[in-house]
Amino acid sequence: MPRFMYVNGEIVKRKDAVHINDVRDLVLHIVADAPPPNWVKVEHARSIEKVVTLLIPGILPSTLALPPLPTSATVNPNIPLSIPLPAESHTPIPFIASTYSHACPTRAPGDQTRMYSVLSEFFQCQVTPQERAKRQAQRASQRAFDGTPALYLLTLREMIENEYPIPSYMADVFEKGPGWIETPQASEESLLLLPADKLESKIYAIDCEMCLTEDGKELTRVCMIDYESGIVVYDKLVKPPKPVTDYMTRWSGITESLLASATTTVAEVQAQIMPILAPKDGPTSILVGHSLESDLRALRICHPKCIDTAVIYHHPRGRPLKPGLAWLTKKWLNREIQTRGDSGHDPEEDARACIDLLRSKVRYGPSYGEFKTDFESIYERMGRASGRGGPGSVRSVVVDHGNPGVMHGSKASSNVPCTSDEEVLDGLLQAIPAHEFAFGRFTGVADALGWLTPKTPAGETPVVTPAEPSPVILANAQATLNNQLVTLYASLPARTALIIFTGHSDPRRMASLNARKSAFESAIRSGKKAEDIDKADWWTASEGRELEEEVEKAKRGLLFLGVK
């Protein structure tokens, strides 16, 4: 039988606890082609039939009657801790205590003041030397390619992954509601009749601003600029169909007085810009923008040719994170935009930034503006590995809340989107038999603890108020999780490795302090002086030290390794 054995002699040499990327590399060692880790020994790894990995935030040392994870220099905080048996500990999740002998401390990624995404760290890995050499050869050939913006058009897959409204003639995957139109498809016959100097698509940068109505965000301004000449070809204020409830001036730049003169409707905008998008004397135009899918959704237009600066430029921490336009402009163009404070964004300024970012990309080549170019999804790595059925036979599945197919599961063989832990359990039970690797996430306990907060709209300060969870709600969530784990484990075939990790501890105090820090720094950036800000809202040195301590606490997690 295969089994895991921690190598304490190696673990004590580490500066930090086992990292999330160590857990990832352990999975890749078993499922794909990664070398064996030194902190844990896997006996008879090739006898493991399947690997099921679960991320379950909310399982704490106290849950298992373990002492708090030590942090002093006198006790090594990285050594795996022996888990008391359920009868000795009265743990609310007896499955863990009866299935695993040890809990191994882990450390989430991040810097001194932030904890980075555990999911991103787990799902992204460095490419192998062979794959790196292959990519370098591809980049060399791309640099030799004549620079043309069309090289950066989004593929159909990229449009789907980034939730673009896609014309029906490209793929029947987007359901258009009332008021939607799509750019007509240029016929091959008409293109053949064009003179040579008309065969190249024109390029226009576009940026839209929105305000809030009772029906959600609605279009209130559109600006389009010609890529070649830099001339503004269209700039209109747009009257939303229903009264505005929030002008969102801080981001949109729209005020009540500014919009009072608007008479143009969304339908009229569509009619006015469609001749630009689909000219009679040329091929379909190319649109460039930042997170362009949002602009197209505001316009209610499905367009086939798109370049997205949020895709062709990378976030410094890699996919699936996207960089902000102001950050890109500062980093790669060495100029600042969106500096008008509460006056909001200028769509012409943003559109010109997109043009200049595309020009730089064309000038310097495809690798310009990229980070972590030698990283890939673990599913790409697994897809090249030799399973029992030969090369490329490792099948993988992500069963998770939300839509993992457009995020961390985009490269997996299969995806199962879920809205609850019950659906996650059902999805895993159905998917595991047909896949060699399965990932699932249970969030019920973290939710009961108050760790999950709704996503805060861009530019708003999140409100995080740590509070004690209801003992009854927490006990019910823990009992439910225990039953789900028992059910899942009973369904697993023999020689299945079941790897559970918690990722992190309570993040709420860290998030609350970061929200205070961000609000204070935003006020200073907007031009306010410290004396103009209420002293209760100042960010102090003592809070800075507390933030660093809370980040370290939040990064702590636990890992459980076992084979059925």
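The values are calculated or read from the model by the stated rules, or taken from the named source; none is laboratory data. Bear in mind the structure is a predicted one, so any value in this text is a computation, not a measurement. Backbone-built Cβ (ideal geometry, glycine too); neighbour counts: all protein chains shown. Note: areas computed on protein heavy atoms with side chains; ligands, DNA, RNA excluded. Shrake-Rupley method; radii C 1.70, N 1.55, O 1.52, S 1.80 Å.
Does segment 528-563 hold any residues that are open to solvent by 60 Å² or more (accessible area, probe 1.4 Å) and in a loop (DSSP other than H, G, I, E, B), and which are they?
Of everything in segment 528-563, those that are open to solvent by 60 Å² or more (accessible area, probe 1.4 Å) and in a loop (DSSP other than H, G, I, E, B) turn out to be 528, 529, 534, 538.
Is one or more of the residues making up segment 359-369 of a type outside the set (Lys, Arg), open to solvent by 20 Å² or more (accessible area, probe 1.4 Å), free of Cβ contacts under 8 Å to residues at least 60 places away in the same chain and outside any helix (DSSP H, G or I)?
Checked segment 359-369: at least one residue is of a type outside the set (Lys, Arg), open to solvent by 20 Å² or more (accessible area, probe 1.4 Å), free of Cβ contacts under 8 Å to residues at least 60 places away in the same chain and outside any helix (DSSP H, G or I).
Within segment 408-434, how many residues are assigned to a helix (DSSP H, G or I) and in contact with a helix residue (DSSP H, G or I) (Cβ under 9 Å, 6 or more places away or on another chain)?
Residues meeting the conditions: 8.
Suppose the filter is of a type in the set (Gly, Ala, Ser), part of a loop (DSSP other than H, G, I, E, B) and under 15 Å from the mean Cα position of the chain (by Cα); does residue 405 pass it?
So residue 405 fails the test.
Could you go through segment 551-559 and let me know if any residue there is touching a Cys at 6+ places or on another chain (Cβ under 8 Å), at pLDDT 90 or above and among the aliphatic types (A, V, I, L, M).
yes
Can you find even one residue in segment 258-276 that is assigned to a helix (DSSP H, G or I), open to solvent by less than 60 Å² (accessible area, probe 1.4 Å), in contact with a Cys (Cβ under 9 Å, 6 or more places away or on another chain) and in contact (Cβ under 8 Å) with a residue 24 or more places away in the chain?
Yes, because at least one residue in segment 258-276 is assigned to a helix (DSSP H, G or I), open to solvent by less than 60 Å² (accessible area, probe 1.4 Å), in contact with a Cys (Cβ under 9 Å, 6 or more places away or on another chain) and in contact (Cβ under 8 Å) with a residue 24 or more places away in the chain.
If residue 506 satisfies all but one of (1) closer than 29 Å to residue 41 by Cα; (2) acidic (Asp, Glu); (3) open to solvent by less than 70 Å² (accessible area, probe 1.4 Å), what's the number of the condition it fails?
Failing condition for residue 506: (1).
Collect the residues in segment 103-128 that are modelled with pLDDT of 90 or more and surrounded by fewer than 17 Cβ atoms within 10 Å (Cβ to Cβ), keeping them in residue-number order.
Scanning segment 103-128 gives 111, 112, 113, 114, 116.
Inspect segment 312-322 for any residue being at pLDDT 95 or above and open to solvent by 10 Å² or more (accessible area, probe 1.4 Å) and give the result as yes or no.
There is no residue in segment 312-322 that is at pLDDT 95 or above and open to solvent by 10 Å² or more (accessible area, probe 1.4 Å).
Residues in segment 281-311 that are assigned to a helix (DSSP H, G or I), small (Gly, Ala, Ser) and open to solvent by less than 10 Å² (accessible area, probe 1.4 Å): how many?
Looking only at that region, the number is 1.
Mind checking which pairs have a first residue in segment 304-326 that is within 16 Å of residue 116 (Cα to Cα) and of a type in the set (S, T, N, Q) and a second that is surrounded by 22 or more Cβ atoms within 10 Å (Cβ to Cβ) and at pLDDT 95 or above, Cβ under 6 Å, 6 or more apart or different chains?
Hits for this filter: zero, empty list.
For the list (1) free of Cβ contacts under 8 Å to residues at least 60 places away in the same chain; (2) not in a loop (DSSP other than H, G, I, E, B), I need the number of the one condition that residue 173 fails.
So residue 173 meets the others, but not (2).
Restricting to segment 467-503, and then to whatever is open to solvent by less than 40 Å² (accessible area, probe 1.4 Å) and out of contact with any strand residue (DSSP E or B) (no Cβ under 9 Å at 6 or more places or on another chain), can you tell me which residue is farthest from residue 558 (Cα to Cα)?
Selected residue: 469.
If I go through segment 487-518 residue by residue, how many of them are touching a Pro at 6+ places or on another chain (Cβ under 9 Å), assigned to a helix (DSSP H, G or I) and not charged (D, E, K, R)?
6
Given the conditions (1) open to solvent by less than 40 Å² (accessible area, probe 1.4 Å); (2) at pLDDT below 90; (3) over 28 Å from the mean Cα position of the chain (by Cα), which single one is not true for residue 100?
Evaluating residue 100 over (1) open to solvent by less than 40 Å² (accessible area, probe 1.4 Å); (2) at pLDDT below 90; (3) over 28 Å from the mean Cα position of the chain (by Cα) leaves (2) as the failure.
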